Structures are given as structure tokens and as C-alpha cells.
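Taken together, the values in this text are just the output of simple stated rules run on the coordinates, not laboratory data. As the structure is a prediction and not an experimental result, all values here were calculated from the model. Note: ideal-geometry Cβ built from the backbone for every residue, glycine included; neighbour counts use all protein chains shown.
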Amino acid sequence: MSGADLTQLDTVLEADVGIVGAGPGGMAAAARLAAAGVRVVVLDEGQRAGGQIYRQLPVGMHNHGVVQEPPSHDDGHNLIQSFEGHAKDGGEIELVRGATVWDAQPGRLWFEHDGVSRLLRCGHIVLAPGAYDRCIPFPGWTLPGVVTAGALQVMVRGFGVVPGKRALVVGSGPLLLPTVTSLLGAGVEVVAALEASSRMRALRAVPAVAFHAARRREAMWYMKQLWRNSVKLQWGWTVFACEGDGRVERAIIGKVDAHGRPRKGTERTIECDVVGAGFGLVPSIEVGMRLGADTHMLPVRGGHCLVVDGEQRTAVATVFAVGETCGIGGAEVASAEGELAAAAILRELRGTTVASAVVSRARAERRAADSMLGAFAPLPGLHDLARPDTIVCRCEDITRLRAQEAAAMHGDSMRAIKIGCRAGMGPCQARICGPSLQAMATGVNACAMDVPVVQVPLKPVSSETILTAPQ
Amino acid sequence: MSGRIAGLGDRELVVFTFDDQEVNARQGDTIAMALWAHGQVTVRNSSSEGQPRGVLCNMGICYDCLVVVDGVTVRSCTTLVKPGMTVGRGGKS
């Protein structure tokens, strides 16, 4: 971002449609709206369009096939090209980079941008904030060098940084594959790739992949990359602990049972200087909840998700939600739903019809994703990895034992645990510990956990930003 | 060992300091990625225990990579490097 961009940006922006997130869902919605002449402002926390899945390198860097990309990234490049075509000077799309949305009302999005408090006024809102990695606490997961799978993707694909020399990849779900191939592309030795699900459980995903041409091609590409580099996915294995002096130097790995519970006597030590852990994704629903959208718990889609109707509309008539915030489904789902939301908004603004092909494509992509991801729904037994002295809330340094004591003394609800020990009260606002905190403190099934408490500011911003917020 | 992937193109050099050591970054780097490429994975001391912490999510969610820039606490993974910037460890020291 150049300095000129900053000075040109007004404190109050106006648009027909405000979009949160410049990933596939936000880009698809924006491009379709812009093509119809609708003025769109897109707020994104990153520095370039693409989102986490289609992360672009900083301006001035080009991949040119150095880090190999899966076939689906062609769709990403096309989407980015179409979006950025409309985002040029004089185009219908204005992309605000590095924008942190901290409050929202229908028709209004407040955000911090380069330390300045700004407001976007708009008619409709499309929420495409995406998702973040689901973290499962285990001993040593706070050591520097232990990062999420998504963090490794950002490092390699977003900044061209080599994560380490010897990497261990652990977790569950389809995202382990791109994590491994990114590491290989960066010249990192992948010492092991551990999938906690058993091979039998994962086989349930096969029909959904086999009957979906794009997913099938994608899966074949990943298998070829792994095979070429002699990396074998170990099913039913995970990390038990990480150790090291000031940073990760080795990991204890072992087998887990069908529920994800660690099996004693299977431990093995493996040397590594970086660990990428990816136990699936958690939908980012905070902005939607603040706007008044309803939520429901869908374990297959990663937990609490926003409820939308057949055209991506939330309980609030002017607020639409697409992609991961409605439940984890991947880039194909997000872009299809983004187009659908745009078509529904265009009917209201321009009187055009919503093509049935757009509706059926969004439904078909969502159906395919649901049937594939069912094989990787979070394993409850993985919560047994954390010992009593393992930190569960990283912001406040709260151990599992303290969270358990707080639950015993104050009650089993998420609110009671938070008040009882301050877990989940730090700057991440329970985004990291929240998806497992209540289950680890009380033993409740993760599917029965409370809906997250959403507070303003939705992300920590300076008090100056809050006090000077335009109205 | 961390570092940079070769062959992706070069960008303008940006020099800043972290805890009094000079770090060579590139235009467009976040503080977190410049430090990681430099081999510095610890950027913060945790709030009550003072344990070493570094990047966890790398996308602005976890606030575990907090650093102090000119007296202001920021996420090192979402804050871009600027020439001459003075960056200090976040959290308890």
C-alpha cells in the first residue's frame, strides 16, 4: 500500500454494497456486482485480494511456477483478474487493504485502517470473512515454531518465506495436503505428515471427491506431489507434544484411536524445527452475529455457522453471507455463493432475475463439500492431548486445570468459565481457545458448546478509534 | 533454518531494528515475516508467565505475535515494515 492511497481514503466511505473479505466469496460477489455497474467497497485485512486460499505474493514478487500450485488455483487467478480489473482506478470496486472491521450495523461497517477510525455506509452488506484454523491445545503448542497450517501457507504462498529446514505437519482434513505441498515447494523437508482420522473414516470422503470433477483432479494432483516427494500421509497419527529450548526442536508423535484419543505406548520422537498444525477450520461469524444474523451448530461445517436462506440472505434483510462464515466448504462453495448473493442483490437493485443455474451451482457445491468434509469432522478425543498443566488460553496463560476449576466453581457455560479464570478474555477474544475451551474444561461434547459471545470491538482496536468513530 | 525462497523476484531493501538488532527486510514484508526470514521466531513474552511466543496463525486472528512499534502494540503479522522502524518485543519483558 502506498502512502498516496492512505491520504486519498476518506474517513467516511459510501457504496451501494459493502463487502467484508476479499477471498473467493467476496471477490465473486464484488465482480458480479461491479459488472452490473453497482458501486462496491471491499474491506479486507490483508494487503492483496485473494483471501487465505488464493494468497498473492507482495507486489513485485511473482511465483512463475517456483512453488507449484494445484489446478484449482487457475480459478483463483481468473477470479483475482476479474476482481482486480474492476478495482482499478475509476472501476466500480474499491478495495480497502489492511482494514480491521470492529463494529457493524445494517448499512454500516466501522473499521480501523492505518490507525484511523473509518466508516463505510452502504445499502447491502455481503459477509465473506472466511475462516481460521481450528487449534487443538497439546503440550508444547505455545513454543515458537509451532504454528497453524494456515500460517505456513501464508509464509510460503503469501511472502515467499522458507518456514524451516525440517517440518512436521499434523492435523486433520483436506488442508493438510496443500500445507505439505507448499512446504515441499519451499524446499523444506517434510519429516512426517500425520492425519488424525483413520484411513477407514477418511474413505467416506472418496465418493464425494470421485463424483466431483474438480475435486477429483485436485486430489490426484496432491497425491502425485506427495508420491513424487516420497511423503506418506500417516493415518490415525498425531502430535502428542512439542519440546525445545525456547523454540520447537522435536515432537513426540503417536497413534490415536477412532475417536482421536492418544494411544499409550505408540510414542515416537521426531526432530523438527517447525510444526504446522491444522485440525480443520472454524467459521468466522463475529461480524454476522453482531449484525443480527442467526447461528446454528453444524459439526460437519466446523461448528457454529451463520444461517442463510436459499439466496444467502441472513435474518437481516440487507445482510448476506457467503462461503466459510455459513460453514466450511472451500473456495468453490464460496465463489458460487458469492455469485448467488450478488444475483439476489441485483434483483433488488436492478430488477434482474436470479438465474436458476446460479442457484443450483451454489447448492451443488455446498452439497459436495458437506459430503466430503463429513469424513473429517473434529475428533473429540483429541482434547485428551492437553494435560492439566497445558496452556489452553494463550492470551492469558490459562492452563486446562485452571479452566476446569473455574467451570467446577462458576458453572459449565462458556461465560462462566471466562469470568471464572479469564480464559478467552484476551485480545484474540476466544477465537483460538473458544472452539475447544468449554469441551476441555467440562468434558461437554464439542457439538453442544455455547454460541460464542460477541463483543464490541469485534477485534481489539485503539480506544482512539472507538472514541473518534464517525457516525 | 528459515530464509527466503529463491527465484520469486526481488524487492526494495527495508532496514529496521528489532530489540536493537538490525533486520534486513523487503518492501511488502510484514514485521512477522521479515523476522521469521531473519531467523527470529520469538517476538513476544507471554502475558503472565513471560514465556517466549511467536507467530501462531499469521493472519491477524490470534494476537500471539504482538510487538511494540513506536510505543504502540501491533500484530506483527498484519503490520508492514517501514524503513528505520523500531520494533520491540511484545508483552512482559
Burial ranking of peptide ranges A:177-189, A:159-171 (average Cβ count within 10 Å, highest at the top): A:159-171, A:177-189
Reachable aspartates and glutamates from A:Lys418, criterion Cα separation under 17 angstrom, eight or more residues apart if same chain: A:Glu396, A:Asp397, A:Glu405, A:Asp450
Calculated on alpha-carbon atoms, Rg and Dmax of segment A:332-385 in Å: 16.6, 55
222 nm mean residue ellipticity, helices alone, for chain A (DSSP H n ≥ 4; -39,500 (n - 2.57); rounded to 500): -9500 deg cm²/dmol
Filtered trypsin sites (Lys or Arg not before Pro), segment A:1-92: DSSP coil and at most 12 other beta carbons within 10 Å: A:Lys88
Using alpha carbons only: equivalent-ellipsoid semi-axes of chain A, gyration tensor based, whole Å: 35, 26, 22
For segment A:415-441 versus segment A:249-285, the gap between their alpha-carbon centres in whole angstrom: 22
Around A:Gln105: net Lys/Arg minus Asp/Glu count, Cβ-Cβ under 11 Å: +2
Kirkwood Rh, angstrom, segment A:135-199 [1 / mean 1/r, Cα pairs]: 12.2
Percent of C-alpha pairs per 10 Å bin, segment A:205-264, short to long: 19, 27, 34, 17, 3
Relative contact order of chain A, defined on C-alpha pairs under 8 angstrom at six or more residues apart (%): 18
Test item: A:161-168 mean partner chain Cβ contacts at 10 Å: 5
Square roots of 5 times each gyration tensor eigenvalue, C-alpha, segment A:249-341, largest first, Å: 38, 14, 12
Fewest-first sequence of A:Glu337, A:Glu267 by Cβ atoms within 10 Å of each Cβ: A:Glu267, A:Glu337
Per principal axis, descending, Cα span of segment A:312-418 in whole Å: 58, 30, 21
Residues A:Ser462, B:Ser2 arranged by fewest to most Cβ contacts within 10 Å: A:Ser462, B:Ser2
Least to most buried among A:Ile328, A:Ile19, A:Ile391 (fewest other Cβ within 10 Å first): A:Ile391, A:Ile328, A:Ile19
Chain B: trypsin sites (Lys or Arg not before Pro) falling in loop per DSSP and having at most 15 other Cβ within 10 Å: B:Lys92
Those trypsin sites (Lys or Arg not before Pro) in segment A:244-348 that DSSP places in a loop and that have at most 11 other beta carbons within 10 Å: A:Lys264
Cubic angstrom per residue, convex hull over Cα atoms of segment A:135-279: 106
Largest-first principal axis extents of the Cα set of segment A:1-145 (Å): 46, 35, 28
Average other protein chain Cβ within 10 Å of Cβ, residues A:390-401: 3
The protein assembly as shown: antiparallel DSSP beta bridges as a percent of all, rounded to 5: 55
For segment A:386-471: rounded, prolate or oblate by the Cα gyration tensor [a/c cutoff 1.5]: prolate
Evaluated over segment B:13-91, the Cα radius of gyration and Dmax, each in Å: 11.2, 36
